[in-house]
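Participant: This is the structure I have questions about; it appears just below.
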Amino acid sequence: FKVKGSGDQSLVPVMARVPEEMEEVLASDKTQDTLQLDSLVGHIEDIILSNEFSTLRENFLKKHCHLFDDNDENKLEYMDIFKQYTNLIEGHIEKELSSRASGFQMSLFLQELTSSCALDGEVFDLLMTFTDFLSFKTAMLEIKQSREDGADTLEDLLQITSLKS
């Protein structure tokens, strides 16, 4: 191996005696903001895949599922419950991020996300399902049906669907 780069440029390892157009980049320099964003995304993934989060979400759904019906027309109370749900989910994620990342500020994080291309991926697809009313209503109806069928957990009922067309 030889190392290409000098000074403040990133160091990029390349294979010896390989023409420059065939060089393979094995490492690259990332900005501090990108590294912090990557770290926060990792924390979000840990949070939403945790047992604590699953239990929090499942308990909320179980508590309110009896109010939902499988009709095309939605009752006004559904939106109030959905607002409570999104506040619970967002509040939990923000609290956990604040405890895991010193100096975390949600407003700065959201600003960084909107100016980044990091919004692709399974983590963000899953996050989108937590703020999508139809996904919420579907989860409520699945919990309601599972309780009527005698099942008691969400584990086998979760389905992650991309909201991208």
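Participant: Can you order the peptides 137-144, 38-45 by their average number of other Cβ atoms within 10 Å per residue, highest first?
Facilitator: 137-144, 38-45
Participant: What is the spin-label model distance, in nm, from THR86 to ASN59 if the labels are put 7 Å beyond Cα along the C-beta direction?
Facilitator: Each label point is offset 7 Å from its Cα along the Cβ direction, giving 2.3 nm.
Participant: Going highest first, how would you order 103-114, 84-95 by mean Cβ packing within 10 Å?
Facilitator: Per-residue mean Cβ counts within 10 Å order the peptides as 84-95, 103-114.
Participant: Say the cut-off is 21 Å between C-alpha atoms; which of LYS75/LYS95; LYS95/LYS144; LYS63/LYS137; LYS63/LYS144 go over it?
Facilitator: Table pairs above 21 Å Cα-Cα are LYS75/LYS95; LYS95/LYS144.
Read-outs: derived from the displayed coordinates by stated rules, not from any lab. Please read these numbers as outputs of a predicted model, since none were measured by experiment. With ideal geometry, Cβ positions are generated from the backbone for all residues, glycine too; neighbour counts draw on all protein chains shown.
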